Amino acid sequence: MPKLFVANWKSNKSLEEVKQWLNDFHVELKDNQKVVIAPPYPLLSLVADKIKDLPRVFLAVQNLSSFPAGSYTGEVCMRNLEGLGVKYAILGHSERRRYLKESHQDVANKISQALSNGATPIVCVDQDYIEDQARVIEPNLLNQCVVAYEPLAAIGTGENAPADKVAKVSKEIKSVFGNVPVLYGGSVNPENITPYLRVTDGVLVGGASLDAEVFAKLIY
Ligand code: PEP
């Protein structure tokens, strides 16, 4: 399976900072490597334009409406993103579960919206709710997800999880979702990434993706 390197910029970066990042990002991707960039919504089209000719570099959103197009003020659905080439949607990130009170059912609804409109969900889970999350996802959609194991204690803290623990949880995820790609996320940086690439299908990176040169160093 290809290795995925996902950059989650969260609510960081201005227009000028994104232009700078794109100018600074130079990487020769191997055939089995894919990069996914998840900018804030207003900056999607700038990134889309810059990456359109880059092979194996894809665009993601960090969230999606749980509703289809219609009267849902403030929401962004796949219809609104048509033409931008959004191929992935990061869904159920712990920050959204925590600060925006997203439920497992909300995340499941977003997964349905993504998949029925041509985007692959990157579903974020911690170990203690893998099964609870999976239970409310339409069963035929489970094996169409990418799943990111993101232990809460490791996100943004510098306390990255041990790789043997990640390997164990990855097996648990596959036993519940099927043989899906599993990513690890939580304080990944160029110094600690190697063992995670041995036991997973890639990484979801927050802090270390904000600097283009640091992010490029992760990819080898
Ligand atoms: C994340 O945003 O999902 C994440 C893993 O952040 P960080 O790499 O900063 O821990």
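The figures follow:
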quantity	calculated
Residue within the range 63-85 that is assigned to a strand (DSSP E or B) and in contact (Cβ under 8 Å) with a residue 12 or more places away in the chain present	no
Count - residues of the range 1-19 that are surrounded by fewer than 14 Cβ atoms within 10 Å (Cβ to Cβ) and in contact with a helix residue (DSSP H, G or I) (Cβ under 8 Å, 6 or more places away or on another chain)	1
Residue list for the range 182-199, restricted to those being free of Cβ contacts under 8 Å to residues at least 40 places away in the same chain and either hydrophobic (A, V, I, L, M, F, W, C) or assigned to a helix (DSSP H, G or I) (or both)	Val182, Val188, Ile193, Thr194, Pro195, Tyr196, Arg198, Val199
Asn179 being assigned to a loop (DSSP other than H, G, I, E, B) and surrounded by 17 or more Cβ atoms within 10 Å (Cβ to Cβ)	no
Test: residue in the range 167-181 that is touching a Phe, Trp or Tyr at 6+ places or on another chain (Cβ under 8 Å), within 12 Å of the ligand (Cβ to nearest atom) and either under 27 Å from Pro40 (Cβ atoms) or among the β-branched types (Val, Ile, Thr) (or both)	no
Criterion violated by Gly156 - all others in (1) within 9 Å of the ligand (Cβ to nearest atom); (2) open to solvent by 60 Å² or more (accessible area, probe 1.4 Å); (3) farther than 24 Å from Phe25 by Cα satisfied	(3)
Flag for Ala134 being within 17 Å of Ser175 (Cβ to Cβ), assigned to a helix (DSSP H, G or I) and of a type outside the set (S, T, N, Q)	yes
Leading residue by the ranking (nearest to the ligand (Cβ to nearest atom)) among those in the range 41-53 that are more than 20 Å from Thr120 (Cβ to Cβ) and open to solvent by less than 50 Å² (accessible area, probe 1.4 Å)	Leu43
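The values are calculated or read from the model by the stated rules, or taken from the named source; none is laboratory data. All values derive from a computational prediction rather than experimental measurement. No Cβ is skipped: glycine too gets one built from the backbone with ideal geometry, and neighbour counts run over all protein chains shown. Areas reflect the complete protein model, heavy atoms only, side chains present, ligands, DNA and RNA absent. Shrake-Rupley method; radii C 1.70, N 1.55, O 1.52, S 1.80 Å.
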